[in-house]
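Scroll down for the structure; my scribbles are underneath it.
None of the figures in this text is laboratory data; all of them are computed from the coordinates on show. Just so it is clear, the model here is predicted, and its values are computed rather than measured. Positions of Cβ are generated from backbone atoms using ideal geometry, with glycine treated the same way; all protein chains shown enter the neighbour counts.
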Amino acid sequence: MENQSPLHGVTVLDFTHIVMGPCCTQLLGDFGADVLKIEKPDKGDMTRTTIPDPAGFDNPIFLSLNRNKRSIAVDIRDDAGREAVLGLARTVDVVVSNFRPGVMERLGFGWEALRELNPRLIWAAGSGFGPHGPYRHRGSQDAVTQAFTGVMHRRSSPELPLSVYPTALCDFSAGMHLVQGILLALLARARTNRGQRVDVSLYDSMLAMQMQEAAIRLNRGYEVNWGTMPLTGVFETQDGAVCFVGGFHPDPIPALAEALELGEVLTERPEFETWESQAAHRPELARIFAERLRTGTTAHWLRRLEAANVLCAPVRDLAEALEDPQTAVNGMLLELTHPTAGTVQVLGSPVHMSETPARIRHVPPRLGEHSDAVLREAGYDEDRITELRESGVLR
């Protein structure tokens, strides 16, 4: 039942766009929040036009981030459009945005202005660097944040070129931190009956992800790099590649020697006896592993590594991961019937709850699909809605 969802009765006014903000508000919607997505009347959320696609505004990128939302396409730079959205802000529980700091204030939807209208409001903002400091007004993006925070610099081998991690790691991390902040603020409001401001940045989120590495750097003055552990690596086989991690095994050298059929090559050499000596001789270990794994197939080595209780996996592409039975068993594939895009597949929620699971109540909205309905709920009559539509303020 919908009213059993954890966030049933919570209304979110969603100014977010692209990735960080929409992945946050989609998760809120998955668990029952009524998410009112504010979009530009002419082109909507930027992800509607990120890639050329036969579905146009309803392409897979947009669909992947915007289910369980209602779209209101309104020009918030116009006085009439701004007033309509301010009317919504008076009654909602949460406002979420991910513009640069200062943009919401210039539009008339800043924290100080809205808290006067709605003292119980939770005003949540995602940004590149946060609302204060020397980089406050800088634009940012996933790859830029990787470069700024040290993530891009850390590689599993110094010989590898610097490169962009190709999945939106920073956006999704910050989006989930934004969810956490909103949920914590809702819990606090239940006790105090007062809202508060929540700020999350790509920059802080990526620094926080490196909490172990940062603690070593700050307190011991050296770098720790989990990709350079001496018994961890990715190695090509006759027909693919295998990744294994020996460090989590209680007695890794004998286990690897057994699995890789290396015998005394590993077990009787003093330079491989301790972690410190293994680290000092990592290039030689990597050469031994690489030469050995090239002699067999991926399936052969996985069988042997698993039998020796060494953590391992084949190196697969995304298509292979999506086709894996585990993906389906975990409920990570959803099929939606969209009025414009037709039948589409997207990924489901990674949060699984036994009593109040994520639910699909709305397929991703067409641009402006719910403009009229939301304004009616806010008290606008048909004549006023028609007037706004004919003036181009509303789509």
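Structure summary
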read-out: Selection from Gly246, Phe235, Leu256, by position along the positive dipole direction of the stretch 186-256 (Cβ); value: Gly246
read-out: Calculated P(r) of the stretch 316-366 - Cα pairs past 19 Å, %; value: 37 percent
read-out: Top positive-direction residue, dipole computed over the stretch 144-197 with Cβ charges, set Pro161, Phe172, Val144; value: Phe172
read-out: The stretch 1-47 versus the stretch 205-273: alpha-carbon centroid distance in Å; value: 41 Å
read-out: Mean separation of Cα contacts under 8 Å (6+ apart) over length of the stretch 156-222, as relative contact order %; value: 32 percent
read-out: Projected label distance in nm at Ile360 and Glu271, using a 7 Å step from Cα toward the beta-carbon; value: 5.7 nm
read-out: Point-to-point label distance, Leu162-Val103, nm (Cα→Cβ direction, 7 Å offset); value: 2.7 nm
read-out: Qualifying aspartates and glutamates (Cα of each under 14 Å from Cα of Lys40; at least 8 residues distant if same chain); value: Asp14, Asp75, Asp78, Glu369
read-out: Under the span-like rule (Cα at least 27 Å along the axis, Kyte-Doolittle mean at least -1.0), DSSP H helices of the chain; value: 169-192
read-out: 14 Å beta-carbon shell around Pro314, net charge (K/R +1, D/E -1); value: -4
read-out: Dipole in debye (nearest 20) - the stretch 289-395, about Cα centre, beta carbon charges: Lys, Arg +1; Asp, Glu -1; value: 680 debye
read-out: Of the chymotrypsin sites (Phe, Trp or Tyr not before Pro) in the stretch 245-302, those whose Cβ has at most 10 other Cβ within 10 Å and which sit in DSSP loop; value: none
read-out: DSSP bridge pairs, the chain: antiparallel proportion in percent, nearest 5; value: 45 percent
read-out: Length-normalised contact order of the chain in % [C-alpha pairs under 8 Å, at least 6 apart]; value: 21 percent
read-out: Spatial separation of Cα centroids for the stretch 338-366 and the stretch 284-316, in angstrom; value: 38 Å
read-out: Other-chain or far-sequence residues with amide H under 5 Å of Ser127's (modelled H); value: Val200, Ser201, Leu202
